Amino acid sequence: MARQWLKVGILALVISGAAQAGPNKALTGLLTDIASAGSRQVAVGERGHVLLSDDQGHSWTQAQVPSQQLLTAVYFVDAQHGWAVGHDTQILATADGGATWRLQFQDTARQAPLLGLHFLDAQHGFAVGAYGVLLSTDDGGQHWQDVSERLDNPDQLHLNAIAAIKDAGLVMVGEQGLMFRSADAGQTWQRLQGPYEGSLFGAVGTAQARTLLVFGLRGHVFRSTDFGDTWQPIAVQGERGPLEAGLANARLLDDGTLLLVGEGGTVLRSIDDGQTFSRVTRPDRQALASAIAVSDGLLLVGENGVHHTDNHGNEGQQP
């Protein structure tokens, strides 16, 4: 499999129909996202792999999943209820903390990978993806509706991510700087004039009200304190000058720390609400897709599986 990267790369990945690998092999394969389900950690990736850890990422088991499609994102609303999305417009759901999964939705004719999802609560959620697809559920995923017509997106530009912003609403970002916001729980969406014309791969709300970051190609990061009305570019420096690695995902930790990860083993960390970042470049330079905090550091996932690191992304104990 050729090395492709970030959300654009995920669209081009060709996944073989081989049988599921065991957990040890899956741990070193492509993983695209990771989430916490209570005290459990759940990672998803190629060939429908879903990996579970109940000891802060030190050991893993593999869940049985009714799919061999690439899974691109996972989201839990509590310790039991979660969803994962992927290719073939697939949506999988679990009600037992990821131990078992069922196929909730699929549209093979659409040929539009889903790339992100967010739930407001256990009943109300959204999934976004290629060619401007926006799906919505009001009953925990028993029924999903295509509500793409709510968006001013006549060119059907790809939607890469959706995120909640404290005391404000929802934000979606996509290719060519595409950006939408909603102040009414996703019933209506306003298209924004964003700060960048290149692809945006993610958005994250900070600990401060109405404040968010968006990020994407070539290390571009922008910060808004007014729910997207105005934007400030955030310059990220490294040992060799400005960051040029694409950024794929972000996480707001319980203590208010912001983590961003991306190409070239890049891990960015901010303790001032996204105004400045420290930077670690992992020595393997493998692309990273997501991160979560555990009791003794971070779990990073990406091109070569799971890495257990210290709080800054430096190498630590491996699973």
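Can you find a residue in segment 194-208 that is over 25 Å from R279 (Cα atoms) and of a type in the set (A, V, I, L, M, F, W, C)? Within segment 194-208 (the criterion being over 25 Å from R279 (Cα atoms) and of a type in the set (A, V, I, L, M, F, W, C)), the answer is no, since none of the residues qualifies. Please pick out the residue among G198, G262, G174 that is closer than 20 Å to A289 by Cα, crowded, with 20+ Cβ neighbours inside 10 Å and not assigned by TED's automatic domain parsing to the domain that holds H312. Exactly one of G198, G262, G174 is closer than 20 Å to A289 by Cα, crowded, with 20+ Cβ neighbours inside 10 Å and not assigned by TED's automatic domain parsing to the domain that holds H312, namely G174. Of everything in segment 281-294 that is in a strand (DSSP E or B) and at pLDDT 95 or above, the residue that is farthest from L247 (Cα to Cα) is V294. Looking only at segment 217-234, count how many residues are in a loop (DSSP other than H, G, I, E, B), under 28 Å from G264 (Cβ atoms) and free of Cβ contacts under 8 Å to residues at least 40 places away in the same chain. Residues meeting the conditions: 2.
Is it fair to say A112 is under 22 Å from A289 (Cα atoms), hydrophobic (A, V, I, L, M, F, W, C) and modelled with pLDDT under 95? Can you show your working first?
Working: under 22 Å from A289 (Cα atoms): yes; hydrophobic (A, V, I, L, M, F, W, C): yes; modelled with pLDDT under 95: yes.
In short, yes.
Residues that are touching a residue at least 24 places away in the same chain (Cβ under 8 Å), within 20 Å of the chain's Cα centre (by Cα), in a loop (DSSP other than H, G, I, E, B) and on the phi > 0 side of the Ramachandran plot occur at least once in segment 177-197. Scanning segment 295-304 for residues that are part of a strand (DSSP E or B) and within 15 Å of the chain's Cα centre (by Cα) turns up L299, L300, V301, G302. When segment 266-294 is filtered for residues that are within 17 Å of the chain's Cα centre (by Cα) and in contact (Cβ under 8 Å) with a residue 60 or more places away in the chain, the ones remaining, listed by number, are A287, A289, S290, A291, I292.
Against the definition (out of contact with any Leu (no Cβ under 7 Å at 6 or more places or on another chain), modelled with pLDDT under 95 and in a loop (DSSP other than H, G, I, E, B)), how does Q208 come out, yes or no? Talk me through it step by step, then tell me what you get.
Numbers: out of contact with any Leu (no Cβ under 7 Å at 6 or more places or on another chain): yes; modelled with pLDDT under 95: no; in a loop (DSSP other than H, G, I, E, B): yes.
It is false that Q208 is out of contact with any Leu (no Cβ under 7 Å at 6 or more places or on another chain), modelled with pLDDT under 95 and in a loop (DSSP other than H, G, I, E, B).
When you scan segment 204-226, do you find a residue that is over 23 Å from A248 (Cβ atoms) and surrounded by 20 or more Cβ atoms within 10 Å (Cβ to Cβ), even just one? Among the residues of segment 204-226, not one is over 23 Å from A248 (Cβ atoms) and surrounded by 20 or more Cβ atoms within 10 Å (Cβ to Cβ), which makes the answer no.
Looking across segment 240-253, just one residue is surrounded by fewer than 17 Cβ atoms within 10 Å (Cβ to Cβ) and either touching a residue at least 40 places away in the same chain (Cβ under 8 Å) or hydroxyl-bearing (S, T, Y) (or both), and that is L253.
Residues in segment 213-247 that are aliphatic (A, V, I, L, M) and over 15 Å from G177 (Cβ atoms) were compared, and the one that is modelled with the highest pLDDT is I234.
For segment 40-60, which residues satisfy the criterion of being crowded, with 18+ Cβ neighbours inside 10 Å, more than 19 Å from the chain's Cα centre (by Cα) and without any contact (Cβ under 8 Å) to a residue 40 or more places away in the chain? Within segment 40-60, none qualify.
At pLDDT 95 or above, part of a loop (DSSP other than H, G, I, E, B), at positive phi and crowded, with 17+ Cβ neighbours inside 10 Å: is that true of G256 in this structure? Criteria not met by G256.
Note on segment 61-74: residues that are surrounded by fewer than 20 Cβ atoms within 10 Å (Cβ to Cβ) and part of a strand (DSSP E or B) total 3.
The values are calculated or read from the model by the stated rules, or taken from the named source; none is laboratory data. Only a predicted model underlies this, so the values are computations on that prediction, with no experimental measurement involved. Ideal geometry is used to build each Cβ from the backbone, glycine not excepted, and the neighbour counts take in all protein chains shown.
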